[in-house]
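Q: Here it is, the structure, as C-alpha cells.
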Amino acid sequence: MAETETATNMREIAYREAVREALAEEIERDENVVIMGEEVAQYNGAYKVTEGLWKKYGDKRVVDTPISEAGFIGMGIGASMLGIRPVMELMFFSFAYVAWDQIVNNAATIRYMSGGLINIPIVIRGPANAGTNVGSTHSHTPENLFANFPGLKVVCPATPYDAKGLMKTAIRDNDPVYVLENTLLYGLKGPVPEEEYTIPLGLAEVKREGTDLTIVAHGRAVLSSLKAAEILEAEHELSVEVVDLRSIRPLDEETILNSVRKTNHALYVEETKPFCGVGAQISHLIQSQAFDYLDAPVARLSAIDAPAIYSDPLEKIQLPNPQRIIQVALGMF
C-alpha cells in the first residue's frame, strides 16, 4: 500500500523487527535480493536484525562475510553491476572508512561513468551513532559525508514505521542507498502496518504540528526534538512543529520551507558534528529560500565538536538532548 493510504491492521513492533520484516519481504518478492555482512547469517546479526533469516532462506540469500569491509563491499558492488540487489550490513558505519574507495568512488560513480548503462542497486545499512559508550572509533555519524557525493542516496529512519518503509524502497531503488540506523533505536517499539507499504525517498514528514517554531531533525534527534517540543508547549506555551527529514538525499526542501514560512523560526537538531553538518546545508536552504519569513536567525544544535567521549555521562551530554534543545529554542525568542 502507498504511505498515504490508511492502514487497517497496525501492531507495535521493535525497530529491528521492522527492518527484519522489510528484508524478509523483499527476499521473498525478488530472487535477486541477498543479504551480506559480518555475522549476519549463523550468528543472527550483531544486533539481531537478521535473526532467523539465514535459517529460513539459506546460504545463498544470507551470506556471512570475512572481516574485510573493503572486500565484501566491493563484492557487493560487483554483484549489483550484474543485477543482484545486495543488502550489505556494516557492523558500525565507522567501518565504512575502510571501504571508502568502494563506497564513494565506485558505487557513486559507475552509473555516470558508464553513461547510464550500468545500475548499482546496492543498499548499505547498519548503525551510525554515538551514545553507546563504545569509543570514538565506533561512534561516527557520517550521513553528511555520504550526502556530499552525487550518485548516493542517504536515509536516516527514526521510527519502526519509517525503518521498514524506507528499507523496502531502498532495496527496490536502482541506485546506491545508504540506510543509517541507530543502535539506541533497535529496541524502540512503534506502530507498523501488517499490510505492504513503502515510503518514497525524498519525502519528509511533519511528526508534530506547531505554529511558533520549526525544529527540523533526522534520526534519533527527531525523538529528542519531539520530547523537547512537548516540554516547550507544556511549560513555556510554545507551539513547536517537528519535521523529520527521513531522507537526507534526496531532500524534501518544500516540506521544510512550508513549515518555516508558517512558524517564522527554524532550529536544526542533529547528532552529527557541527562543521559541514547536515544542519549547515538546511540552514543555507532556509536563509536563501525563506529569509523574508524569518523572525530570528536560523539556529543549529549538533553534537559537541569533539571525538565521541568515552565517559558515558559525558557522552550523553555531548549529544543533543531535550534539555539542550529547549535551551537553544528559548534563546530564539
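We did not get these values from a lab; they are worked out from the coordinates using the rules stated. In this text, all values refer to a predicted model and were calculated from it rather than measured experimentally. Cβ: placed from backbone, ideal geometry, glycine included. Neighbour counts: every protein chain shown.
Q: Per residue of the stretch 41-58, what does 6.51 cos²θ - 1.76 cosθ + 1.60 with θ = phi - 60° give for ³J(HN,Hα)? Whole Hz please, x for Gly and Pro, Karplus curve as stated.
A: Couplings: 9, 5, 7, 6, x, 4, 10, 6, 5, 9, 4, x, 6, 5, 4, 7, 10, x Hz.
Q: Work out the length of the dipole vector of the stretch 51-127 about its Cα centre, built from +1 on the beta-carbon of each Lys and Arg and -1 on the beta-carbon of each Asp and Glu, and round it to the nearest 20 debye.
A: Using Cβ point charges on Lys, Arg, Asp and Glu, the stretch 51-127 gives about 320 debye.
Q: In addition: Of Gly45, Pro320, Ala128, which is farthest on the positive side of the dipole of the chain, counting Cα position, with +1 on Lys and Arg Cβ, -1 on Asp and Glu Cβ, and the Cα centre as origin?
A: Gly45
Q: Just one of [x] 1.21; [y] 0.98; [z] 1.02 is Cα Rg over 2.2 N^0.38 Å calculated from these coordinates, so which is it?
A: Among [x] 1.21; [y] 0.98; [z] 1.02, the one derived from this structure is [y].
Q: Expressed as a rounded percentage, what relative contact order does the stretch 35-85 have, with Cα pairs under 8 Å and six or more residues apart?
A: Across the stretch 35-85, relative contact order equals 35 percent.
Q: Suppose a student asked you for the relative contact order of the stretch 196-333, using Cα pairs under 8 Å spaced at least 6 residues apart; what percent would you report?
A: Relative contact order of the stretch 196-333: 26 percent.
Q: If r is the Cβ-Cβ distance from Glu25 to Phe291 and R0 is 41 Å, what FRET efficiency results, to the nearest 0.05?
A: After rounding to 0.05, the efficiency reads 0.40.
Q: In Å, the Kirkwood hydrodynamic radius of the stretch 233-309 over pairs of distinct alpha carbons?
A: 13.4
Q: Shifting gears a bit: Quick check: Cα centre of the stretch 105-138 to Cα centre of the stretch 278-333, how many Å?
A: A separation of 26 Å, based on Cα centres.
Q: If each of Asn174 and Asp101 carries a label point 7 Å out from its Cα toward its Cβ, how far apart are those two points in nm?
A: So the label points at Asn174 and Asp101 sit 2.9 nm apart.
Q: How would Ser139, Ser288 line up from fewest to most surrounding beta-carbon atoms within 10 angstrom?
A: Ser288, Ser139
Q: Which whole-number percent is the relative contact order of the chain (Cα, under 8 Å, 6+ apart)?
A: 17
Q: Over all alpha-carbon pairs of the stretch 11-193, lay out the pair-distance distribution in 10 Å bins, whole %, shortest bin first.
A: 10, 41, 39, 10, 0
Q: Please get the size of the charge dipole for the chain, origin at its Cα centre, with Cβ charges of +1 on Lys and Arg and -1 on Asp and Glu, quoted in debye to the nearest 20.
A: Dipole magnitude for the chain comes out near 540 debye.
Q: What value does the stretch 190-333 have for Rg/Rh, both radii from Cα atoms and Rh as Kirkwood defines it?
A: Radius of gyration over Kirkwood radius for the stretch 190-333 works out to 0.97.
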